[in-house]
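Before any comments, here is the structure.
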């Protein structure tokens with residue numbers, strides 16, 4: 001939310017289980033973030049996607065300020081959706097999350113509908129793929145790589161989840177077993193939290 005007025009793409013990159021979507025959702029859902037932007041939308045892409053479905057999802061997410069009804073959106077063509085999105089987004093400072101991007105082709109498919117206005121708009125995407133994160137989006141871009149948790153931090157997180165009733169402290173007799181499990185988790189927060197349940 002800095003003062004950069006050009007549309008900016010921020011890529012959060014790392015292997016599955018590092019918490020990319022959790023981190024981005026935490027940011028997306030903050031009230032201070034929502035107040036900073038005129039409209040916000042979240043789309044999940046995955047390996048297979050249909051561009052018109054992504055566009056419809058964005059229009060529906062920002063529909064509270066739009067004048068388009070959902071049933072009208074569902075019947076819109078690709079061309080109509082691009083026009084609608086450009087009309088809706090061009091005058092606004094928008095924030096769009098594009099979660100789980102697998103290919104640079106996605107940007108070529110959707111960038112036409114996301115105006116490169118100078119209102120401080122932001123696009124935040126998550127990806128496992130380095131080539132997607134480092135792609136030349138033709139706009140200001142930042143790459144935010146997520147790293148594995150160190151062993152000590154993994155143990156602390158696990159203990160907080162698994163031993164809530166004991167103040168986050170695990171019994172000493174479990175230390176060697178826990179250490180073996182942490183090694184298998186490879187510092188992935190999602191695996192550590194799942195193990196803690």
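Bear in mind these aren't lab numbers, they're just calculated from the coordinates by the rules spelled out. Only a predicted model underlies this, so the values are computations on that prediction, with no experimental measurement involved. Every residue, glycine among them, receives a Cβ derived from its backbone with ideal geometry; neighbour counts consider all protein chains shown.
Within the listed set 131, 71, 100, the residue fluctuating most in the Gaussian network model of the chain (springs between alpha-carbon atoms under 10 angstrom) is 71.
Here the relative contact order of the chain, from alpha carbon pairs under 8 Å that lie six or more residues apart, stands at 33 percent. Of the options [x] 18.7; [y] 17.0; [z] 16.5, only one is Kirkwood radius over Cα pairs in Å as computed from these coordinates, and that is [x].
Using a simple spin-label model with pseudo-atoms 7 Å out from Cα toward Cβ, residue 61 and residue 130 lie 2.8 nm apart. Label positions at residue 48 and residue 181, each projected 7 Å from the Cα along the C-beta direction, are separated by 3.6 nm. Which of 178, 113, 25 moves most in a GNM of the chain, Cα contacts under 10 Å? Per the Cα network of the chain with a 10 Å cutoff, 178 tops the list.
Computing FRET efficiency as 1/(1 + (r/R0)^6) for residue 29 and residue 111, where r is the C-beta to C-beta distance and R0 is 22 Å, gives about 0.30. Length available on full extension from residue 119 to residue 72: 0.36 nm per residue minus the Cα-Cα distance, which gives 14.1 nm.
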